[in-house]
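Engineer: Before I ask anything, here is the structure I am working with.
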Amino acid sequence: MELRDPHFAGLFYPASKVELIKSLEWCFKHELGPKMLPKNITPSGIHNIISAIVPHAGYIYSGPCAAHTYLAIREDRIPETVIILGPNHTGYGAPVSVYPRGKWRTPLGDIEVDEEIAKNLISMEPFKADTLAHLEEHSIEVQLPFMQYTFEKEFRIVPIALMDQRLEVMRNVAGAIYDIIEESDKDIIVLATSDMSHYVPNDMAYERDLQALEYVEKMDVENFYRIVERENITACGIGPIAVAMLVARFSGSKGLLLKYYTSGDITGDKSAVVGYASLIFGEIPFRIERSRAKKEKIHEVPLAVK
């Protein structure tokens, strides 16, 4: 059986199981995070959430933001399979690359690929079976310990790395995924990962990113692509974001921004920041309060990978 070892353990997150758990707890309890541990939440089993968006930087930067999405999923239910889409930062492999089989390893254990769902996707365009795109790609890997820690039970994944993020391609990707979800008897969630603006002044990141995220909440994928191009928003995963929006739109869902902040809110350095956002799509529970970008200042957090 193919095994993908953790390539970014010790870089984006701790390589030690003990330290990794401490890091994840820090993310959930952080003042920019949800301030609650997932183990204190009993899943409702309501199945409200169709898709979601999380960032993928080093945990001390984007981890508290990502924790909002994972806590919301935990509150909703523990899915059987997570179809997870991330951008291809390396340029290796197929334009739309599905990791077809085997397991992904993290310091918290192994996660099996849902080979049935992967095989179904690979039988359609534009998906290709490919491992090369995933070998040195961090965007999907950094989500796995979050899922293991949050779900606390077995689940499977279908990793998809997107190098070709054109809107017309994403429509085909989202349509195929939606059809599989509708036809499958498995409980499937779509998880997209992207960071927002990269290395711009903090005020610029807030202004541009929040404009774009308004379209994401509305699932207005056409205007999302337009504003990204017009404002030169350097989000790395517009394709994964588009797929999450489109799958939700096909299902008649609503979108909700749970949290936005920048690396400057963590480090205090506002000169060149990266933006992070967590969103969910579905029948949004009224008890989840909207959290708009509050510029909290956090002191004395050590530097790590952005």
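Engineer: Considering only segment 15-46, state which residues are exposed (fewer than 12 other Cβ atoms within 10 Å of the Cβ) and aliphatic (A, V, I, L, M).
Structural biologist: Listed by number, the list holds a single entry, V18.
Engineer: Looking for whichever is more than 27 Å from I266 (Cα to Cα), crowded, with 20+ Cβ neighbours inside 10 Å, aliphatic (A, V, I, L, M) and in contact with a strand residue (DSSP E or B) (Cβ under 8 Å, 6 or more places away or on another chain) here; the options are I73, I53, I84, I49. Which one fits? Even if it seems obvious, please write down each step before you answer.
Structural biologist: On the way: I73 fails: more than 27 Å from I266 (Cα to Cα); I53 fails: more than 27 Å from I266 (Cα to Cα); I84 fails: more than 27 Å from I266 (Cα to Cα).
After applying the criteria, what remains is I49.
Engineer: Give the residues of segment 40-60 that are modelled with pLDDT of 95 or more and not in a loop (DSSP other than H, G, I, E, B), sorted by residue number.
Structural biologist: Of everything in segment 40-60, those that are modelled with pLDDT of 95 or more and not in a loop (DSSP other than H, G, I, E, B) turn out to be I49, I50, S51, A52, I53, V54, Y59, I60.
Engineer: Is it the case that segment 202-209 has a residue that's touching a residue at least 12 places away in the same chain (Cβ under 8 Å) and in contact with a Leu (Cβ under 7 Å, 6 or more places away or on another chain)?
Structural biologist: no
Engineer: Pairs only if they're at least six apart or on different chains, beta carbon under 7 angstrom, first in segment 239-266 and under 25 Å from V173 (Cα atoms), second acidic (D, E) and in a helix (DSSP H, G or I); list them, first residue then second.
Structural biologist: G255/E217; L256/E217; L257/E217
Engineer: Looking at segment 166-261, what helices (runs of 4 or more DSSP H) fall wholly within it and have at least 2 residues that are touching a Gly at 6+ places or on another chain (Cβ under 6 Å) and at pLDDT 95 or above?
Structural biologist: Working: elements: 167-183, 202-217, 221-230, 238-250.
Qualifying helices (runs of 4 or more DSSP H): 202-217.
Engineer: Still on this structure: Among the residues of segment 98-128 satisfying the criterion of being in contact with a helix residue (DSSP H, G or I) (Cβ under 8 Å, 6 or more places away or on another chain) and of a type in the set (A, V, I, L, M, F, W, C), which is farthest from A174 (Cα to Cα)?
Structural biologist: Residue satisfying both the conditions and the ranking: L108.
Engineer: Confirm whether K186 is of a type in the set (K, R) and either free of Cβ contacts under 8 Å to residues at least 60 places away in the same chain or in contact with a Pro (Cβ under 7 Å, 6 or more places away or on another chain) (or both).
Structural biologist: In short, no.
Engineer: Can you pull out the residues in segment 180-211 that are crowded, with 24+ Cβ neighbours inside 10 Å and of a type in the set (A, V, I, L, M, F, W, C)?
Structural biologist: Across segment 180-211, the qualifying residues are I189, V190, L191, A192, M196, A205.
Engineer: Whether any residue in segment 107-125 is part of a strand (DSSP E or B), surrounded by fewer than 24 Cβ atoms within 10 Å (Cβ to Cβ), within 18 Å of the chain's Cα centre (by Cα) and modelled with pLDDT of 95 or more is what I want to check.
Structural biologist: Taking segment 107-125 and keeping what is part of a strand (DSSP E or B), we get 109-113.
Next, only the ones that are surrounded by fewer than 24 Cβ atoms within 10 Å (Cβ to Cβ) stay: 109-113.
Still in the list and also within 18 Å of the chain's Cα centre (by Cα): 111, 113.
Those still in the list that are modelled with pLDDT of 95 or more too: 111, 113.
Yes, the conditions are met somewhere in segment 107-125.
The values are calculated or read from the model by the stated rules, or taken from the named source; none is laboratory data. What you see is a predicted model; the values in this text were computed from it and never measured. Here Cβ is always computed from backbone atoms with ideal geometry, including for glycine, and neighbour counts include all displayed protein chains.
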